[in-house]
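Working notes for the structure below.
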Amino acid sequence: MRHWTAAFGAAGALFMAQAAVANAEQQAPALVDMVAAGTLPPLEERLPNDPVVVEPLESVGEYGGTWRFGDARGADEAYLNFVAYEGITRVTPDGTVAPNIVESITVNDDATTYTLTLREGMKWSDGEPLTADDFMFWYESVLSDERITPTPPDWIASGGEVGVFTSEGPMSVTITFAQPNALFQLQAARWNAVDVPLPEHYLRQYHVDHADAGELETRISEAGLSTWTELWEQRQNALLNPDRPVLRPWVLVEPFGEGLDRVAYERNPFYWKVDPDGKQLPYIDRVEIQLVQDAQVLNLMALDGSFDWQFKDVAPLDQLSMFMDNRERGDYRVLQVESPVSAFAAYYFNLSHKDPFLNELFHKAEFRKALSHAIDRQTIVDLVHFGVTSPRQPSPFESTPFYNEGLTNAAIAFDPAKAKAMLDALGLTEKNADGIRLRPDGEPIRIVIQGPAGRQNRLDASEQVAQQWTDIGIETTVTVQSRELHQERRLARDFDVWLWSAAAGTTNHILFDPGVYLPYSLDTNSTWALDYAEWRVSGGESGTEPTGDMRRAMDLFDQVLMTGDPDEQVRLMQQIMEIAETNLWVVGIAPRPPEFAIASNKLRNVPESYTDSLESPGVFHPESWYFTE
């Protein structure tokens, strides 16, 4: 017996040693050291029982390195899709939708009830377990609290009513909708749905309904703030608070702040995904985002090899040959990126304008069409895109089942004489000595195109548009402001014509957010009709109730949300496009041309070409990217 025990002990020791070696090879070296020091649990205690396996694009990778990229636009929620893309569901590289944070989703026959089964053993970045309590906290204390969420996000509602969350235990959550919500799994994969659930164990201390009143007041005072809601917004913000637990592959260590020039993230030791060999992801240790003054500085740094993967604001068409010639010196390769944007410059007329005259004028489809006819699109395309794109309105691409040729070409012909005649027919016949048409009060009609900093070709195009609109008697100027102010004024409805792009060309983008074609949400696509969109998302409690074609388009999309039949969805969407053709809600110039990213020659598992989306590059699993020597 002693001999057997001794032999077993020796074999057991050998087995344990071998297991330790295997365990060490399946996690980053820095984490091995932390486990050895007793400051981090062993890998098997950090991973869920059934971790998600990520299939790498090329090969299983190695640990180490820092992924560097830059940003010339300031703090941006899009960071979250660079360092992560972790929603309830996710869009896969082939465009399908799959469960992500949850292990599985069961749907009833009429798509009114979705049961989410969570992953056993999955943990937040601080090691606390993810449970149904985190979903219920978000539902009961955040989504349902008007002090924090005055307007619920559209992706969690159907028929104007927010879905109801219930829990049947720590690993199961059921969402019940009042009406069928056939697109819920797709909608839950959107970039602006990635912060659900929330870490209840951490954030409850900042919520007035859960925290000790005295302790909460102390925290508010120490933060230099006045209210608990201000403190809440600061502490729950994953861009600003390094202490806030997350489910992403990297956790924030250097937040965005005034006077700082870098945001940084480091690996999450409790990340719940592995490669096919069982190695815990991510491979890359650290992510650094260099905040630079402008796109010119960013491009100079990119040419110098300062970034490992960079897409935003890099390698514009007019500098592409320089980037191609510099590849060897900069030790990078150039990747082609197809755009889902059907209008690189889109003009959103403010149908919520506080000026009664402009409000009425902007509501008239003939006015929008007259200004569209005044745009010399081909000249602009030749100027800013070197002729590589063709004029079109914001509309579904030809490759989608929603394509409508009439909408694509609506009021697209450059015809200043026709534009002037259409304005005359609207009664805008009185002019001043400069040829500017007059309002009923005798003042010149003046409008401002409000643009954001960045994407200089969009601003250059808009200067041309402003002159062309002035030439037909509508005095127009362009103003440029920070992206933050641009968005603030948008939400305040404080603009005449809001300049942005229109990501309305691909099937998923249209179903994610059809706001270019109907008032849908308070996001950018619906900027032209925010009062009407507010009515929709508030269930009629605020905003302005739509009528006519606008209401008909909204009702049709509600039917899209309720049917799981793809053919019926196409039939309904085609009717929506016909309404958009008649009304031309948003005016555009041309699609965004192919763009380019650069990637270090040492960075692997990166797609060499792809179609961009708001979920990029997270959709391509950057947690599986790695560096070679």
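Looking only at residues that are among the aliphatic types (A, V, I, L, M) and at pLDDT below 95 in the range 492-519, which one is nearest to Arg377 (Cα to Cα)?
Going through the qualifying residues, I end up with Ala502.
What are the pairs with Cβ atoms under 9 angstrom where one residue, in the range 263-290, is over 17 Å from Glu58 (Cβ atoms) and without any contact (Cβ under 8 Å) to a residue 24 or more places away in the chain and the other, located anywhere, is of a type outside the set (A, V, I, L, M) and open to solvent by 10 Å² or more (accessible area, probe 1.4 Å)? Sequence gap at least six, or different chains.
Listed pairs, sorted by first residue: Glu266/Asp285; Glu266/Arg286.
Give me a count of the residues in the range 400-427 that are in a helix (DSSP H, G or I), open to solvent by less than 70 Å² (accessible area, probe 1.4 Å) and closer than 16 Å to Gln575 by Cβ.
Number satisfying all stated conditions: 2.
Identify the residue in the range 328-346 that is within 24 Å of the chain's Cα centre (by Cα), farther than 26 Å from Trp528 by Cα and open to solvent by less than 10 Å² (accessible area, probe 1.4 Å) and, among all such residues, is modelled with the lowest pLDDT.
That would be Val337.
Within the range 559-587, work out how many residues are closer than 15 Å to Ile510 by Cβ and open to solvent by less than 40 Å² (accessible area, probe 1.4 Å).
12
Can you name the residue in the range 366-387 that is open to solvent by less than 30 Å² (accessible area, probe 1.4 Å) and among the basic types (Lys, Arg) and is also farthest from Ala343 (Cα to Cα) among such residues?
Arg368
For the range 257-270, how many residues are modelled with pLDDT of 80 or more and not polar (S, T, N, Q)?
Looking only at that region, the number is 9.
Of the residues in the range 520-532, how many are modelled with pLDDT under 95 and either part of a helix (DSSP H, G or I) or touching a Ser or Thr at 6+ places or on another chain (Cβ under 8 Å) (or both)?
Total satisfying the criteria: 4.
Within the range 274-289, how many residues are open to solvent by less than 10 Å² (accessible area, probe 1.4 Å) and assigned to a loop (DSSP other than H, G, I, E, B)?
5
Picking from Ser521, Ser482, Ser462, which residue would you name as being over 21 Å from Phe557 (Cβ atoms), of a type in the set (S, T, N, Q), open to solvent by less than 10 Å² (accessible area, probe 1.4 Å) and touching a residue at least 12 places away in the same chain (Cβ under 8 Å)?
Ser462
Counting just the residues of the range 492-515 that are buried (at least 21 other Cβ atoms within 10 Å of the Cβ) and assigned to a loop (DSSP other than H, G, I, E, B), which one comes out farthest from the chain's Cα centre (by Cα)?
Among those that are buried (at least 21 other Cβ atoms within 10 Å of the Cβ) and assigned to a loop (DSSP other than H, G, I, E, B), it is Phe495.
Of everything in the range 169-217, what is of a type in the set (Ser, Thr, Tyr) and either without any contact (Cβ under 8 Å) to a residue 60 or more places away in the chain or closer than 24 Å to Asp126 by Cβ (or both)? Give them in sequence order.
Of everything in the range 169-217, those that are of a type in the set (Ser, Thr, Tyr) and either without any contact (Cβ under 8 Å) to a residue 60 or more places away in the chain or closer than 24 Å to Asp126 by Cβ (or both) turn out to be Ser172, Tyr202, Tyr206.
Against the condition open to solvent by less than 10 Å² (accessible area, probe 1.4 Å), of a type outside the set (S, T, N, Q) and in a loop (DSSP other than H, G, I, E, B), how does Phe397 come out, does it pass?
In short, no.
Taking Ile474 as the residue in question, decide whether it is surrounded by 15 or more Cβ atoms within 10 Å (Cβ to Cβ) and more than 31 Å from the chain's Cα centre (by Cα).
When the stated conditions are applied, Ile474 passes them.
Collect the residues in the range 213-250 that are closer than 30 Å to Asp50 by Cβ, open to solvent by less than 30 Å² (accessible area, probe 1.4 Å) and not basic (Lys, Arg), keeping them in residue-number order.
Of everything in the range 213-250, those that are closer than 30 Å to Asp50 by Cβ, open to solvent by less than 30 Å² (accessible area, probe 1.4 Å) and not basic (Lys, Arg) turn out to be Ala238, Pro245, Val246, Leu247, Pro249, Trp250.
Note down all Cβ pairs under 9 Å where the first residue falls in the range 128-151 and is of a type in the set (Lys, Arg), the second is in a helix (DSSP H, G or I), and they're at least six residues apart or on different chains.
Matching pairs, first to second residue: Arg147/Trp228; Arg147/Thr229; Arg147/Trp232.
Just give me the residues in the range 579-629 being closer than 30 Å to Lys364 by Cα and of a type in the set (Gly, Ala, Ser), in sequence order.
Ala580, Gly588, Ala590
When the range 526-535 is examined, which residues are found to be open to solvent by less than 10 Å² (accessible area, probe 1.4 Å) and touching a residue at least 60 places away in the same chain (Cβ under 8 Å)?
Correct list: Thr527, Trp528, Ala529, Leu530.
Being open to solvent by 40 Å² or more (accessible area, probe 1.4 Å) and modelled with pLDDT of 95 or more, is that true of even one residue in the range 156-166?
yes
So that you can scan it fast, the table gives a plain yes or no per residue for (1) farther than 22 Å from Leu459 by Cα; (2) crowded, with 21+ Cβ neighbours inside 10 Å; (3) among the hydrophobic types (A, V, I, L, M, F, W, C):
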position	(1), (2), (3)
Arg267	yes, yes, no
Leu291	no, no, yes
Ala302	yes, yes, yes
Leu320	no, no, yes
Tyr348	no, yes, no
Glu360	yes, no, no
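The values are calculated or read from the model by the stated rules, or taken from the named source; none is laboratory data. Just so it is clear, the structure is predicted and the values come from calculations on it, not from any experiment. Positions of Cβ are generated from backbone atoms using ideal geometry, with glycine treated the same way; all protein chains shown enter the neighbour counts. Accessible surface areas use protein heavy atoms only, side chains included; no ligands, DNA or RNA. Shrake-Rupley method; radii C 1.70, N 1.55, O 1.52, S 1.80 Å.
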